[in-house]
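Novice: Quick one: this structure, given as structure tokens, is what I'll be asking you about.
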Amino acid sequence: MPEEPSKYSLPPHPVLKDYYQDEVARKKRVKHLFDSTAEHYDWINKVMSFGTGERYRLEALERAGLKAGMSVMDIGCGTGVLARHEMDVVGPEGFVVGVDPSSGMLAEAVKRGVHQVAMGRGEKLPLQDQSVDFVTMGYALRHVADLAETFAEYLRVLKPGGTVLLLEIAPPRSRLGYQFTKFYMKYLIPLVTRLGTRDKNAQVLMSYYWDTVEQCVPPRLILEALEKVGFVEAKRHVLFGIFGEYTAKRP
């Protein structure tokens, strides 16, 4: 039996006091960082992924079983990269809504062609019970307040047999891979971001990005959290030792 969300809690990472002092301050700081840097976000992602990020997202959706005619809620949709691919896959008979707490990011998603967007957070979704076939979240899992509460909400809005797909990064297990990835994401990408955008907030956001990756709970606890709230068939597919695709089903 799934555990009661009130009895089970799993923050994705500890308080990061270099950026905020408590949960209320975290929400405000992170929202401000995303709002103020939304216009640069796609450029940063293209640089960071050497232009491969969009293709990878589409392939991940196909591996997870997304098909024409399905209904999808993309949470933490950002500038709409994943949601736009989902629209292409599900076609005119399907439905995609992008949800994000950042108005700046949602504005960029609309520019990209995401027709349905809504303000909201993963912990409290603006959707009725058993409404969608798919729930997705691309690289935003580290920005929710509590994984158990969030996953319980994903379970609530999914139809029976529905799928959740979470794309997330974890530090490589090898020491050399870890050191290289940390140098690249903690120091090089923020520097390139500052030089390329001339935006200090964008630089801070990318430094924060790595710190949340480094401090995030390990993959096994994410899988356990999915199962504890009631998901089944929870698994993680890994590419290049760093990119994780978590999938699970609603019974």
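Here, each number is a calculation from the coordinates, and none is a lab measurement. These numbers were taken from a predicted model, which means no experiment stands behind them. Backbone-built Cβ (ideal geometry, glycine too); neighbour counts: all protein chains shown.
Novice: Report Rg/Rh for the stretch 116-157, rounded to two decimals, where Rg is the Cα radius of gyration and Rh the Kirkwood radius.
Specialist: With Rg and the Kirkwood Rh in hand, the quotient comes to 0.92.
Novice: Would you mind ranking Asp133, Asp22, Asp42 by Cβ crowding within 10 Å, fewest neighbours first? List each step's numbers first, then the result.
Specialist: Numbers: Asp133 21, Asp22 9, Asp42 18.
Fewest to most other Cβ atoms nearby, the residues stand as Asp22, Asp42, Asp133.
Novice: At 0.36 nm per residue, and after removing the present C-alpha to C-alpha distance, how many nm does the segment from Trp43 to His13 gain when stretched out fully? Intermediate results must be reported in sequence, preceding the final value.
Specialist: Details: separation 30, 0.36 × 30 = 10.80 nm, distance 2.67 nm.
Answer, rounded to one decimal: 8.1 nm.
Novice: Given only helices, namely DSSP H runs of n ≥ 4 each adding -39500 (n - 2.57), what is the per-residue ellipticity at 222 nm of the chain, to the nearest 500 deg cm²/dmol?
Specialist: -14000 deg cm²/dmol
Novice: Give, to the nearest whole percent, the P(r) tail of the chain beyond 26 angstrom, counting all Cα pairs.
Specialist: Distances greater than 26 Å cover 36 percent of the Cα pairs.
Novice: So in the chain, what percent of DSSP beta bridges are antiparallel if you round to the nearest 5?
Specialist: That works out to approximately 45 percent antiparallel.
Novice: Could you tell me what fraction of 2.2 N^0.38 Å the Cα radius of gyration of the stretch 109-248 comes to, as a two-decimal ratio?
Specialist: It is 1.16.
Novice: Can you sort Val72, Val204, Val15 so the residue with the fewest Cβ neighbours within 10 Å comes first?
Specialist: Taking fewest neighbouring Cβ atoms as first place, the list is Val15, Val204, Val72.
Novice: At a Förster radius of 51 Å, what calculated FRET efficiency corresponds to the Cβ-Cβ distance of Leu176 and Ala68, to the nearest 0.05?
Specialist: The formula returns an efficiency of 0.75 here.
Novice: If eta is 0.692 mPa s and T is 37 °C, what Stokes-Einstein diffusion coefficient results for the stretch 8-90, Kirkwood Rh from Cα pairs, in µm²/s?
Specialist: Approximately 215 µm²/s, per Stokes-Einstein.
Novice: Shifting gears a bit: Convert 25 °C to kelvin, take the viscosity as 0.890 mPa s, use the Kirkwood radius over C-alpha pairs of the stretch 11-59 as Rh, and evaluate the Stokes-Einstein diffusion coefficient in µm²/s, rounded to a whole number.
Specialist: Translational D for this selection: 190 µm²/s.
Novice: Run through all the Cα pairs of the stretch 28-171 and give the fraction in each 10 Å bin from 0, expressed as whole percent.
Specialist: Per 10 Å bin, starting at 0, the Cα pair percentages come out as 12, 45, 36, 7.
Novice: How big is the stretch 189-237 by Rg and Dmax over its Cα atoms, in Å?
Specialist: For the stretch 189-237, the Cα-based Rg and Dmax read 16.5, 46 Å.
Novice: Going by C-beta contacts inside 10 Å, put Phe180, Phe243, Phe34, Phe50 in order with the fewest on the left.
Specialist: Arranged by neighbour count, lowest to highest, Phe180, Phe243, Phe34, Phe50 become Phe50, Phe180, Phe243, Phe34.
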